[in-house]
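The values are calculated or read from the model by the stated rules, or taken from the named source; none is laboratory data. The structure presented is a predicted model; accordingly, all values stated were derived computationally and were not measured. No Cβ is skipped: glycine too gets one built from the backbone with ideal geometry, and neighbour counts run over all protein chains shown. Surface areas here come from the heavy atoms of the whole protein model, side chains and all, with no ligands, DNA or RNA. Shrake-Rupley method; radii C 1.70, N 1.55, O 1.52, S 1.80 Å.
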Amino acid sequence: MIDTIKLYMEYSIMGVLAFMSFLTLWFTLERYFFLSKVKIEEFKKKGELENTLTNNLTTISTIASNAPYIGLFGTVCGIMITFYKISESSNFDTSSVMLGLALALKATAFGILVAIFATIVYNGLARKVEVLMTKWEDLNEN
């Protein structure tokens, strides 16, 4: 029973993190291509331009902020399951405990990788938005 819970927990945590990675990649590509082709001179109002340029950046930022916590949740669940398995077995096997803990920690590692990627992408796109906003302000000074 506990092995089934462990399997579902592992797949669900890794699935959520993989989905977050996919969303980050999707929104990154969408924003990159949009920002490289946008014509800022067509916008009359600064707020309209800013809203258009920053679309989907909040999602990337949210993923960057929350991916480590989802990974940590997976690790905590894996450690709890490992301790539960230790308590129900009569003989203590160090190698199985270490294997259980190592497998639990992979969720945190994957969550950190997702967060690092999303943070780098967010910062790069935010800088591009800042440059475009400055160019628009320079165009509209006259």
**Asked** What length, rounded to one decimal in nm, is gained on full extension from ILE5 through to ILE86, with 0.36 nm per residue of separation minus their alpha-carbon distance?
**Response** 27.6 nm
**³J(HN,Hα) computed for each position of segment 45-60 - Karplus, 6.51 cos²θ - 1.76 cosθ + 1.60, integer Hz, glycine/proline x** = 10, 5, x, 5, 5, 4, 4, 5, 5, 8, 4, 6, 5, 5, 5, 4
**Protein accessible area in segment 22-142, 1.4 Å probe - carbon and sulfur %** = 63 percent
**Item:** Option label - mean projected area of the Cα convex hull in nm² computed here, alternatives (i) 11.4; (ii) 9.5; (iii) 8.7
**Value:** (ii)
**Message:** Please list, by residue number, every one of the trypsin sites (Lys or Arg not before Pro) in segment 1-103 that is coil in DSSP and has at most 10 other beta-carbon atoms within 10 Å.
**Reply:** LYS39, LYS44, LYS45
**Message:** Per residue of segment 26-33, what does 6.51 cos²θ - 1.76 cosθ + 1.60 with θ = phi - 60° give for ³J(HN,Hα)? Whole Hz please, x for Gly and Pro, Karplus curve as stated.
**Reply:** 4, 5, 5, 5, 4, 5, 4, 5
**Asked** In the chain, with Lys and Arg counted as +1 and Asp and Glu as -1 at Cβ, which of these residues, PHE33, VAL129, SER61, has the Cα nearest the positive end of the dipole, that is, farthest along it?
**Response** PHE33
**Asked** Each residue of segment 102-115 in turn: what ³J(HN,Hα) in whole Hz from Karplus with 6.51, -1.76, 1.60 and θ = phi - 60°, glycine and Pro shown as x?
**Response** 5, 5, 5, 6, 5, 5, 5, 4, 5, x, 5, 4, 4, 5
**Asked** What FRET efficiency, computed as 1/(1 + (r/R0)^6) with R0 = 41 Å and r the Cβ-Cβ distance, is obtained for VAL76 and LEU25, rounded to the nearest 0.05?
**Response** 0.95
**Prompt:** Taking 0.36 nm per intervening residue step and subtracting the Cα-Cα distance, what contour gain separates THR58 from LEU35 on full extension?
**Reply:** 6.7 nm
**Asked** Which length gain, in nm to one decimal place, applies between GLU50 and VAL131 when the Cα-Cα distance is subtracted from 0.36 nm times their residue separation?
**Response** 28.0 nm
**Exposure rank, largest accessible area first [GLU41, GLU30; 1.4 Å]** = GLU41, GLU30
